[in-house]
């Protein structure tokens, strides 16, 4: 019944983009496309992960990512358990390994982890038998976000190859930026980072990006403007002097956007600080802002990742053929 | 001990005299009685004979900084395990880090450490005391009384004294007693949340970066203060090319300053962090390859005076954590010399110069009688073969902790015998 040949997917874990080849990324996006279609049907539940157990282990607050992973698992038929350990005693890193070992003993097939420390997903993956999906670790990686961003772009513009993408804002602390830089680079897009020097990590140019310190040059003729969230506590003099000054120079408004291509898309991983890094009017522009589309793509991408990792193949679900 | 031991058929290596020749050595009790071609006519009957079989015989190594766990951190190391590790590494004198619990800022604690070392140490353990009370960087300790009680140097461990006035007064005051101030050189505010070298690797791993300038700025400040006060200053562990330059310039100026390095800073670079290997998390952090090369050059031209193990034992619980949360430090007593030998094998440092950084160098800084093969010197010796191929095996360490960034590293060299005060305290199996 499957129309897509079952290509092997040789990865047990999804810890970052660096482990994926361009072909694997394309195949994951293709599979995600199938799930987008399935998710738009009234009957959304599939049996691909029936009987499988997925544990969402969130050491950091998250609404949309956790919900997205939960829905993805449930729509595939998995038993999904959420463990929000944010704020509880378990939050301390000392117990990460203990927690992992305990949960591992319950034989989960997939563990989705978010943690405030870079490398936490890596560490977890060394201790468990099932698949580990990194849902964001410190400033290191957020691979499913990069995949869903790529899917959003690809569905709008047809391909990633040859596009110019400006990633703007707090690159220093952003795992979303790092994963996007890697993925977009692998897929042949040109990536610019636009930020004040205090919000750029060391030797960022070595990641193969163009570095800009002002929005005018940074946004010139870009196809995509990707805004990053800036934590408010980082704007009280530590990294930038004030919200007012940041918004003046780096907030995305109509004037700055005018330097991008006329039909440039606006993206944001959410949650947005309206009036800080992005103007409300721009964020809500139904023609150019794809921010809500990104959320929809998130569920499909996570279904594709769960499916591929647990089965170790990229197989189009049987249900897709019957639509 | 009044026994005589004849070490025969040795390659005698003594950096102080520049000796590198075939010969023998005689110890009587705890002292070297003679050295040279002693037994061509045969060994006297009253001597115990140790046939060195052509292997190298050198002064026992002196380690200016190692954490021995006592008091307060006995789950990571004890005097017994730490000194056994030292002996296995050819080290016969260890300066014990004062970063203990409680912190070594009181005379009674120095006395406690001395007693422990007497009863359970197999090598010489010399106490160090902190520069400031509680290592808080504010009030200086009783430097005179602590020195009198046996503290051979003063250091706030891996903490820097940020207030320049405090360091100035400590150096100034310590000069009255000729006391040595050994300082960790990092500006903590510039280190910030940095846990590895600030570089492309840190950016890729999403880890906070510790810039090289954080070290060099503190070192340059310190060198000015040393000049101002005339105190005896030792930069405990430098890691950057700019720091080597700063030390070189200070020495050219004639300042009485010295510096040391840890083996991981001449053997490893930041790439070793790999996928968040917490055993490579050290302070200061592993730096770039060009920094590492500059450290090697500094050792070769004598800008860097000594190599210290910077042994920091950590239990698995402190290391099996996300990188940013893991403890700093690496064990080093058993590997310092073997890793040092890599410099010799690569032709970067002659064997006698390597030994100088590990024996005569620290002996001169600490004004110790050991560290040389000379009549009347303490009979602290190491017999080694610099060529034996081997692989570092952390599980086999004498140390209670196994956090070595060198585990499984192929090396050349083996410590065959370690002698402290005339008695063999380690013999290779």
key: Selection within segment A:67-95 - modelled with pLDDT of 95 or more and in a helix (DSSP H, G or I)   = A:67, A:68, A:69, A:70, A:71, A:72, A:73, A:74, A:75
ask   = Of all residues in segment B:354-375, which are under 23 Å from residue B:7 (Cβ atoms) and surrounded by fewer than 18 Cβ atoms within 10 Å (Cβ to Cβ)?
value = B:369, B:374, B:375
request  = Of the conditions (1) over 21 Å from residue A:177 (Cβ atoms); (2) within 14 Å of chain B (Cβ to nearest Cβ); (3) outside any loop (DSSP other than H, G, I, E, B), residue A:127 clears all except one; give me its number.
outcome  = (3)
inquiry  = Being over 22 Å from residue A:150 (Cβ atoms) and over 24 Å from the mean Cα position of the chain (by Cα) is the filter here; which residues of segment A:214-234 pass it?
reply    = A:214, A:216, A:217, A:220
inquiry  = Checking the structure you have, find out if any residue of segment B:361-382 is within 30 Å of residue B:209 (Cα to Cα), modelled with pLDDT of 95 or more and not in a loop (DSSP other than H, G, I, E, B).
reply    = no
request  = State whether one or more residues within segment A:204-219 are within 14 Å of another protein chain (Cβ to nearest Cβ), over 26 Å from residue A:25 (Cβ atoms) and part of a helix (DSSP H, G or I).
outcome  = no
ask   = In segment A:59-82, what residues are more than 15 Å from the chain's Cα centre (by Cα) and touching a residue at least 40 places away in the same chain (Cβ under 8 Å)?
value = A:59, A:60, A:71, A:73, A:75, A:76, A:78
ask   = In segment B:201-232, which residues are free of Cβ contacts under 8 Å to residues at least 24 places away in the same chain, surrounded by fewer than 24 Cβ atoms within 10 Å (Cβ to Cβ) and not in a helix (DSSP H, G or I)?
value = B:211
message = So for segment B:199-216 (the condition being in contact with a helix residue (DSSP H, G or I) (Cβ under 7 Å, 6 or more places away or on another chain), modelled with pLDDT of 95 or more and more than 14 Å from every other protein chain (Cβ to nearest Cβ)), does at least one residue qualify?
response = yes
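How many of the residues making up segment B:300-313 are touching a strand residue (DSSP E or B) at 6+ places or on another chain (Cβ under 8 Å) and either part of a loop (DSSP other than H, G, I, E, B) or within 12 Å of chain A (Cβ to nearest Cβ) (or both)?
Kept after step one, since they are touching a strand residue (DSSP E or B) at 6+ places or on another chain (Cβ under 8 Å), are these residues of segment B:300-313: B:303-312.
Okay, now just the ones that are also either part of a loop (DSSP other than H, G, I, E, B) or within 12 Å of chain A (Cβ to nearest Cβ) (or both), so B:303-305, B:308-310, B:312.
The number of residues fulfilling the criteria is 7.
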message = Given the condition out of contact with any strand residue (DSSP E or B) (no Cβ under 8 Å at 6 or more places or on another chain) and surrounded by fewer than 22 Cβ atoms within 10 Å (Cβ to Cβ), answer yes or no: does some residue in segment B:53-68 qualify?
response = no
remark   = Those residues of segment A:177-203 which are part of a helix (DSSP H, G or I) and within 11 Å of another protein chain (Cβ to nearest Cβ) amount to A:177, A:178, A:179, A:181, A:182
inquiry  = If I ask for residues that are touching a helix residue (DSSP H, G or I) at 6+ places or on another chain (Cβ under 9 Å) and closer than 21 Å to residue A:70 by Cβ, which ones from segment A:114-124 would you list?
reply    = A:114, A:115, A:116, A:120, A:124
inquiry  = I'd like the residue in segment B:270-282 that is surrounded by 21 or more Cβ atoms within 10 Å (Cβ to Cβ) and assigned to a loop (DSSP other than H, G, I, E, B) and, out of all such residues, is farthest from the other protein chains (Cβ to nearest Cβ).
reply    = B:282
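Is it true that residue B:90 is surrounded by 24 or more Cβ atoms within 10 Å (Cβ to Cβ) and touching a strand residue (DSSP E or B) at 6+ places or on another chain (Cβ under 7 Å)?
Values: surrounded by 24 or more Cβ atoms within 10 Å (Cβ to Cβ): yes; touching a strand residue (DSSP E or B) at 6+ places or on another chain (Cβ under 7 Å): yes.
Criteria met by residue B:90.
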ask   = Is it the case that segment A:223-233 has a residue that's surrounded by fewer than 19 Cβ atoms within 10 Å (Cβ to Cβ), outside any strand (DSSP E or B) and in contact with a helix residue (DSSP H, G or I) (Cβ under 8 Å, 6 or more places away or on another chain)?
value = yes
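Quick check, is residue B:321 in contact (Cβ under 8 Å) with a residue 24 or more places away in the chain, in contact with a helix residue (DSSP H, G or I) (Cβ under 9 Å, 6 or more places away or on another chain), farther than 16 Å from residue B:66 by Cβ and surrounded by 24 or more Cβ atoms within 10 Å (Cβ to Cβ)?
Working: in contact (Cβ under 8 Å) with a residue 24 or more places away in the chain: yes; in contact with a helix residue (DSSP H, G or I) (Cβ under 9 Å, 6 or more places away or on another chain): yes; farther than 16 Å from residue B:66 by Cβ: yes; surrounded by 24 or more Cβ atoms within 10 Å (Cβ to Cβ): yes.
Spelling it out, residue B:321 is indeed in contact (Cβ under 8 Å) with a residue 24 or more places away in the chain, in contact with a helix residue (DSSP H, G or I) (Cβ under 9 Å, 6 or more places away or on another chain), farther than 16 Å from residue B:66 by Cβ and surrounded by 24 or more Cβ atoms within 10 Å (Cβ to Cβ).
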message = When you scan segment B:241-261, do you find a residue that is within 14 Å of chain A (Cβ to nearest Cβ) and buried (at least 21 other Cβ atoms within 10 Å of the Cβ), even just one?
response = no
request  = Consider residue A:165 carefully, then state whether it is buried (at least 20 other Cβ atoms within 10 Å of the Cβ), in a strand (DSSP E or B) and away from chain B (no Cβ under 14 Å).
outcome  = yes
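Give segment B:149-169 a look and list any residue that's part of a helix (DSSP H, G or I) and either closer than 19 Å to residue B:310 by Cα or touching a residue at least 40 places away in the same chain (Cβ under 8 Å) (or both), or say none.
Filtering segment B:149-169 down to residues part of a helix (DSSP H, G or I) leaves B:149, B:164-169.
Hits for segment B:149-169 are B:149, B:164, B:167, B:168.
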ask   = Of (1) in contact with a strand residue (DSSP E or B) (Cβ under 9 Å, 6 or more places away or on another chain); (2) within 26 Å of residue B:308 (Cβ to Cβ), residue B:24 satisfies all except one. Which?
value = (2)
task = Would you list the strands (runs of 3 or more DSSP E) that sit entirely within segment B:1-55 and hold 3 or more residues that are closer than 21 Å to residue B:90 by Cα and within 27 Å of the chain's Cα centre (by Cα)?
result = B:4-14, B:19-28, B:31-36
key: segment B:182-198, subset part of a helix (DSSP H, G or I) and within 14 Å of another protein chain (Cβ to nearest Cβ), residue nearest to the chain's Cα centre (by Cα)   = B:191
query = Tell me, which residue of segment A:130-160 that is within 13 Å of chain B (Cβ to nearest Cβ) and more than 16 Å from residue A:13 (Cβ to Cβ) is surrounded by the fewest Cβ atoms within 10 Å (Cβ to Cβ)?
reply = A:138
request  = Return yes or no: is residue A:308 in a helix (DSSP H, G or I), closer than 30 Å to residue A:8 by Cα and at pLDDT 95 or above?
outcome  = yes
inquiry  = Would you confirm, using the coordinates I've provided, whether residue A:60 is within 14 Å of chain B (Cβ to nearest Cβ) and either surrounded by 18 or more Cβ atoms within 10 Å (Cβ to Cβ) or assigned to a strand (DSSP E or B) (or both)?
reply    = yes
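The values are calculated or read from the model by the stated rules, or taken from the named source; none is laboratory data. Note that the structure is predicted; figures quoted are calculated from it, not measured. Heads up, the Cβs are rebuilt from the backbone with ideal geometry, glycines too, and the neighbour counts pull from every protein chain shown.
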